[in-house]
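Please read the structure below before turning to the comments.
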């Protein structure tokens, strides 16, 4: 695969093949990457929940809990900031809604300046070809005793675009496609989950072989 450069990114944006909403500014486009800005929505993991029995420690099983609310969502207003405490882990959203054509994929990387502040922005994996929506950013404060102040609108991570050997047909889109900002964990397909929970991986492989195209 080939990483596309600044000139190609600009051409793709001009042709409407790649889009950012709100549009990019002069600080965001680099020779082979695009900086993305921090959005206004954050999610903080909960450690307890109130049940019929009382205050219980939150012990989540994402494969079985149907209505688990493991995160508290926070919406900031313009001018507000978010203090990330030492060793605290949160999820945040990008300011930009991104649209990627079917012949490209994206990879999200941390900015080096973000890492130097003591923050980890996890490499969140592949952004599927054909994806349209906001991107969720896992952020951790790795310092021992310093809070790190985050401001919505600051540049927090980078997206790199890679060309595919062939365009992916329409319809093969992420489960998070165009679902709004700050999408949290979603279950895998029921058939797969049931077999995983039963421990019958052999049946999973037998019943769902890879199909030739």
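Bear in mind that the values in this text are calculations on the coordinates, not laboratory data. For clarity, every value in this text was computed on a predicted model and none was experimentally measured. For neighbour counting, all protein chains shown are included, and Cβ atoms are generated from backbone atoms with ideal geometry for every residue, glycine included.
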Requested in this report: Please report 105, 1 as a ranked list, fewest other C-beta atoms within 10 angstrom at the top and most at the bottom.
Outcome: 1, 105
Report summary line: GNM on the chain, Cα springs under 10 Å; top mean-square fluctuation among 73, 147, 14 goes to 14
Query raised in the report: For residue 53 and residue 149 in one chain, what is 0.36 nm times their gap in residues minus the Cα-Cα distance, to one decimal in nm?
Result: 30.9 nm
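What value, in deg cm²/dmol to 500, does the helix sum -39500 (n - 2.57) over DSSP H runs of n ≥ 4 give at 222 nm once divided by the residues of the chain? It would help to have the intermediate numbers written out before the result.
Details: 4 runs with 30 residues, N = 213.
After summing the helix terms and dividing by residue count, I get -3500 deg cm²/dmol.
Report the relative contact order of the chain, percent, no decimals, based on alpha-carbon pairs under 8 angstrom and at least 6 residues apart.
Working: 411 pairs, mean separation 54.2, N = 213.
Answer for the chain is 25 percent.
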**Report entry** Of 35, 191, 83, the one that fluctuates the most in a GNM where the chain has Cα springs shorter than 10 Å
**Finding:** 191
Report task. Quick one: check the C-alpha center-to-center distance for segment 1-70 versus segment 92-137, whole angstrom. Result -> 6 Å
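I need the shape label for segment 11-105. Rule: rounded when a/c is under 1.5, else prolate if a/b > b/c, else oblate, with a, b, c from the alpha carbon gyration tensor. Kindly include the intermediate steps, with their values, before the conclusion.
Details: a/c = 3.26, a/b = 2.05, b/c = 1.59.
It is prolate, given that a/c is not under 1.5 and a/b is the larger ratio.
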Requested in this report: With springs only between Cα atoms under 10 Å apart, run a GNM on the chain and tell me which of 99, 113, 198 wobbles the most.
Outcome: 198
Requested in this report: Answer rounded, prolate or oblate for segment 47-149, using the Cα gyration tensor with square roots of eigenvalues a ≥ b ≥ c: rounded when a/c is under 1.5, else prolate when a/b is larger than b/c, else oblate.
Outcome: oblate
